[in-house]
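In what follows, a single structure is set out as structure tokens and then discussed.
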């Protein structure tokens, strides 16, 4: 599924939010080299450029198993409306205790359930590797394949992370894209 890779872009390295913009309520604080969510429902998105075919590496941790967040893929410029990403892109879900499997961690929210639970316990770091090539999506969580999905939305757009609700505290670090040529 992945061809030759070039053009590695570090979106967040733990030191700066340069190139990122908030849409909607709540936000993210820079805390000890991480982006920590508060409030919501909002979206912190990388404004530097849209991406077509790529591999996205995201490291994240929840404070509690009930925390809710997500990683958004290939959405158009949302301006100040986080729902643009929901309705025009795809969300890789972070929510271990969601009642429906199609809304659980590693799934493509409302489209494809994960095949297994692979999250580390609350407080521990997790790693998503998300491959987006054409309409094909593959999600690995902590080195285990959890979701494959064939979409029908845009094959190019921005990436972002979600702050879902006031009670959820999700941290992100080491966010990087490798463009697939």
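Every number here is computed from the coordinates shown, using simple stated rules; none is lab data. Here the structure is a predicted model, which means the values were calculated and not measured. Quick reminder, even Gly has a Cβ in these numbers, built from the backbone with ideal geometry, and neighbours come from all protein chains shown.
Observations
- Peptides 151-164, 15-28 ordered by average Cβ neighbours within 10 Å, highest first: 151-164, 15-28
- Gyration tensor (alpha-carbon) shape descriptor, region 41-83, a/c threshold 1.5: oblate
- Region 68-108: C-alpha gyration tensor shape, a/c 1.5 cut-off, then a/b vs b/c: prolate
- Segment residue 31-residue 136, extension gain: residue separation times 0.36 nm, minus the distance between their alpha carbons: 34.4 nm
- Pairwise centroid distance, computed over Cα atoms, of region 137-176 with region 1-67, Å: 9 Å
- Per residue of the chain, the DSSP helices (runs of n ≥ 4 H) give a summed -39500 (n - 2.57) that works out to -500 deg cm²/dmol at 222 nm.
- Three-way shape label, the chain, alpha-carbon gyration tensor, a/c 1.5: rounded
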